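J.: Below you'll find the structure I mean.
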Amino acid sequence: MSKIKSLIFVALFAACLIPSVAQTAGKKKNLLNNVKSNNVAKVGKNIITQAELDKTYNEMKSMEAVYGKELSKKEILEMMIDDYLLKDRVKEETLILDENQFNQELNMMKYQYAQMKTQADSNYKYSDEDFKRYVETDGKMTYSAFEDKIKQKVLGQQFITKMATPKLQALDRKTFESSKDFPVEIPSARGTLDKYNSLREIYEENEQSFLVPTQIVLKHIYFRTIDAEGAQMKAEDKAAVKERAKDCYSRLKKGEDFDKLCLIYSDDGATKEEYTDPASKETHRGYIGPFPLSGQYAKITREKYSDAIFDVFNQLKPGQFSDVCESPYGFHIFYAIEKKDKTILSFEESKSTIVQQLKNYEMQKINQETYLELMKDLRKKADIKYYMKEYESDEK
């Protein structure tokens, strides 16, 4: 997990925004060692039992590789308390779930799971079915409950963003062109904060960060073999799709236009419409953009498609199309628009990226500070009771 992300570390299964490190105790009545009731804590009208705490702890323990942090039961209890406080506060608002943000969170969990499995087995091939089994078996919850926790987390994030709106709007207006916007501190790979006095200083001291790997720019004609849930078609249906792909390939070999056949055959509705490259001004159908072929990001290309298709990408030359290729998503015919050699972006080319990274970092800090201030206020007003001494908050 990156340093920036750790600033608002999200514990998935407690569905709150960050673990509370220095909590304000609020109105607490410590009814300790009430073993008879098996209650651990009370938050307003919400009771947290030992069984519920144990269940949440076991869920997080069994799936800690997905979210990247190990927590004690005491820490998890504090997060569950924060979760109740935040959920009760969010209920007072009229918020509509941001589906894009939900999908981003879910896809990040899937990616972290795939990374974990690939580290254990380099031949592992990700599937949504496997991930769902993992959630239900190791996480000991239904997949629907898992999604509900992510939705609750996203709603909490939306509420924090809403509260931070004035500060975020002021940040959006910053250009980092003036000396008054500096110095800035940015997390380094060493885990420290590095101080910079200008955009150029950031660029010059991190030049290798602006290296663009060797890339291939592609378009494709796609033949789907998975359903909306990611499940593969029956063998006979898949064979029929492959025959359709071969028919398309045969027409390409006879000289028919790639883009016209893309419009006829492709099952990728998002890309089959015309796309105009802003740099070359050329128009394409089936455009899926640049894919890294070198450096650390090449691994993402391999994981998305497969080693075999990655090899096809390496062999394709500009203006060439591939044979029918199979990926975890179906069959493809790829067309190489161009290949770009590895290069380092100039300062002028990098400025907008640096500014956006600075804004992203400051946005995380604003959200973190807003969250901490909110939880401090909610805890001051809340009726929080602890029933067992071992879980009592350190704050008095």
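The values are calculated or read from the model by the stated rules, or taken from the named source; none is laboratory data. Here the structure is a predicted model, which means the values were calculated and not measured. Neighbour counts are summed over all protein chains in view; Cβ atoms, including those assigned to glycine, are modelled from backbone coordinates with ideal geometry. Surface areas here come from the heavy atoms of the whole protein model, side chains and all, with no ligands, DNA or RNA. Shrake-Rupley method; radii C 1.70, N 1.55, O 1.52, S 1.80 Å.
J.: Please list, in chain and number order, the residues 5+ apart from Leu293 or on another chain whose amide H is under 5 Å from its amide H, with Hs placed from the backbone.
T.: Counting only residues 5 or more places away or on other chains, the set is Thr214, Gln215, Ile216.
J.: At each listed q (0.11, 0.18, 0.20 Å⁻¹), what is the log10 of I(q)/I(0) that the Debye formula gives for the stretch 219-342 modelled as equal alpha-carbon point scatterers?
T.: Debye output, listed in q order: -0.38, -1.02, -1.25.
J.: Taking only protein heavy atoms and a 1.4 Å probe, what accessible area per residue, in Å², does the chain have with all protein chains in place?
T.: 54 Å²
J.: Okay, next question. Tell me, what ³J(HN,Hα) does each residue in the stretch 209-218 have, in order and in whole Hz, if you take phi through Karplus 6.51 cos²θ - 1.76 cosθ + 1.60 with θ = phi - 60° and put x for Gly and Pro?
T.: The phi angles translate into 5, 9, 6, 9, x, 4, 9, 10, 9, 10 Hz.
J.: How are the Cα pair distances of the chain distributed, in percent, across 20 Å bins from 0?
T.: 21, 47, 28, 4, 0
J.: Explain nothing, just the number: relative contact order of the stretch 170-311, from Cα pairs under 8 Å at least 6 residues apart, as a whole percent.
T.: It comes to 22 percent, rounded to a whole number.
J.: Where does the charge balance sit around Phe102 when Lys and Arg score +1, Asp and Glu -1, over other residues with C-beta under 15 Å from its C-beta?
T.: It works out to a net charge of -1.
J.: Based on DSSP H assignment, which helices of the chain show an axial Cα extent of at least 15 Å together with a mean Kyte-Doolittle hydropathy greater than or equal to -1.0?
T.: Membrane-span-like by this criterion, though nothing is claimed about a membrane: 73-90, 143-163.
J.: While we're looking at this one, here's another question. I'd like the GluC sites (Glu not before Pro) in the stretch 166-205 restricted to DSSP loop residues with at most 13 other Cβ atoms within 10 Å, sorted by number.
T.: Taking the stretch 166-205 and a limit of 13 other Cβ atoms within 10 Å, the loop GluC sites (Glu not before Pro) found are Glu177.
J.: Right, here's the next one. Using a 1.4 angstrom probe on the protein heavy atoms only, could you order Thr165, Thr301 from most to least accessible area?
T.: From most accessible down to least: Thr165, Thr301.
J.: Which of the GluC sites (Glu not before Pro) found in the stretch 208-254 are loop residues per DSSP with 11 or fewer other Cβ atoms within 10 Å of their Cβ?
T.: Within the stretch 208-254, the qualifying GluC sites (Glu not before Pro) (loop, at most 11 other Cβ atoms within 10 Å) are Glu229.
J.: Also, quick follow-up: How would Ile48, Ile300 line up by accessible area, probe 1.4 Å, largest first?
T.: Ile300, Ile48
J.: Using the Cβ atoms and a cut-off under 13 Å, what net charge is assigned to the surroundings of Thr276, where Lys and Arg are +1 and Asp and Glu are -1?
T.: Value of the local net charge: -2.
J.: Run the accessible area of the stretch 257-396 with a 1.4 Å probe and give the carbon-and-sulfur part as a rounded percent.
T.: The nonpolar share, carbon plus sulfur, comes to 48 percent.
J.: Rounded to the nearest percent, how much of the accessible area of the stretch 122-213 (1.4 Å probe, protein heavy atoms only) is carbon and sulfur?
T.: 49 percent
J.: Lys and Arg at +1, Asp and Glu at -1: add these up for the other residues within a Cβ distance under 12 Å of Arg251 and post the number.
T.: Charge balance in the 12 Å sphere: +2.
J.: Counting helices only, and only those DSSP H runs with n ≥ 4, report the 222 nm mean residue ellipticity of the chain as the sum of -39,500 (n - 2.57) divided by its residues, in deg cm²/dmol to the nearest 500.
T.: Taking each H run of at least 4 residues, the total per residue is -15000 deg cm²/dmol.
J.: Determine the shape class of the stretch 241-303: with a ≥ b ≥ c the square roots of the Cα gyration tensor eigenvalues, call it rounded for a/c under 1.5, and otherwise prolate if a/b is greater than b/c, oblate otherwise.
T.: Cα axes put the stretch 241-303 in the oblate bin.
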